[in-house]
Amino acid sequence: MLGGIRALAAIGPRDAASRASDRAAAYVAGRLRASGYRVTLQPVAVPAGVSWGVRVPAGTTVDVVADPPGLDPTKPHVVVGAHLDTVPQSPGAEDNASGLMVMAEVARMTRQQPGALPVRFVAFGAEEARGGNGTLYAFGSRHFVAGLGAPERRAVRGMVALDRVGVRATAVPVCHVAGADPSLADAIRRAASRVAATRACLNRASDHVSFERVGIPAVRIGSVPYAAYHSSTDVPAVVDRGQLARSGAVLWAWIRSLR
Ligand SMILES: [Zn+2]
């Protein structure tokens, strides 16, 4: 996973409207295709705004959607996502190459050993806020959810966002939205109880919120605080191999537990 994180960080900062973001999308799409997924790139319009204090232009990004062959999205399945973009200051090793590469690795494992429920893996464009004092964010995941018909929404049994999953900590954060039903977070922590220490937390700052908003149970794995957050020093050295493995193991245990 570290090789992929180095490759993404080497692209440099990846604002959603930049060519760098397109290069990151192509890299992630290639990884998912190589694992045997049907990958489609869905365009997402993003507005001009201010990202972490820096003016950013309007433009187009993509959601990279990877489906196992033969997926019927109106039948029960789950969604796992991680965001592609970064703030303009940051090469984004932890935020969020870490989430993308844990996702790519678990996607590879899931194709080799499919579970009882199929998994759609999505790299979302434009998660980082572009204004509204941080309230205008998660454009790609909102676009994805808006594109689901009612039968498809009903078929999504749960969604997990992997966002900042590589900074070393004693436990893997498994967070739900304040006021929402914690059942999915509880189920993930139960499934993972033999593979890694986890901790419950509240979080409304990633792509899971777009799903929870329309009634799909959704959780964020990750969010350990770190000094290099949203800065030029968010480089591969901030990411810990063991933490990446533990975050992936938590997700994998949940996927294996689905019935
Ligand atoms: Zn993030």
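The values are calculated or read from the model by the stated rules, or taken from the named source; none is laboratory data. Just so you know, these numbers come straight off a predicted model, no measurement behind them. All Cβ positions, even for glycine, are placed from backbone atoms using ideal geometry, and neighbour counts span all protein chains on display. Ligands, DNA and RNA are excluded from the accessible area calculation, which covers all protein heavy atoms including side chains. Shrake-Rupley method; radii C 1.70, N 1.55, O 1.52, S 1.80 Å.
A few remarks follow.
- Across the stretch 154-164, coupling constants 3J(HN,Hα) worked out from phi with the 6.51/-1.76/1.60 Karplus curve, θ = phi - 60°, read 4, 7, 7, 6, x, 10, 10, 9, 9, 9, 6 Hz, and Gly and Pro carry x.
- Selection from Ala48, Tyr27, Val250, by position along the positive dipole direction of the stretch 2-257 (Cβ): Val250
- Listed residues Gly179, Gly70, Thr233: farthest to the positive end of the dipole of the stretch 2-257 (Cβ charges): Gly70
- For the chain, a simple Cβ point-charge model (Lys and Arg +1, Asp and Glu -1, everything else neutral) yields a dipole of about 640 debye relative to the Cα centre.
- Each Lys or Arg adds one and each Asp or Glu takes one away; over the other residues whose Cβ falls under 12 Å from the Cβ of Arg38, this sums to +2.
- Comparing Ala45, Ala249, Ala227 in a Gaussian network model of the chain, where Cα atoms under 10 Å apart are tied by springs, the biggest mean-square fluctuation is seen for Ala227.
- Local net charge near Ala48, Cβ-Cβ under 12 Å (Lys/Arg +1, Asp/Glu -1): +1
- Å² per residue, accessible surface of the chain at 1.4 Å: 40 Å²
- Cut-off under 5 Å, modelled amide H: who pairs with Gly158 long-range: Val79
- For the stretch 2-257, the share of accessible area belonging to carbon and sulfur comes to 54 percent (1.4 Å probe, ligands and nucleic acids excluded).
- Most positive-pole-ward Cα, Pro151, Val119, Gly132, against dipole of the stretch 108-153 from beta carbon charges: Val119
- Net charge in the neighbourhood of Asp234 (other residues with Cβ under 9 Å of its Cβ; Lys, Arg +1, Asp, Glu -1) is -2.
- Long-range HN-HN contacts of Arg38 with modeled amide H, under 5 Å: Asp67
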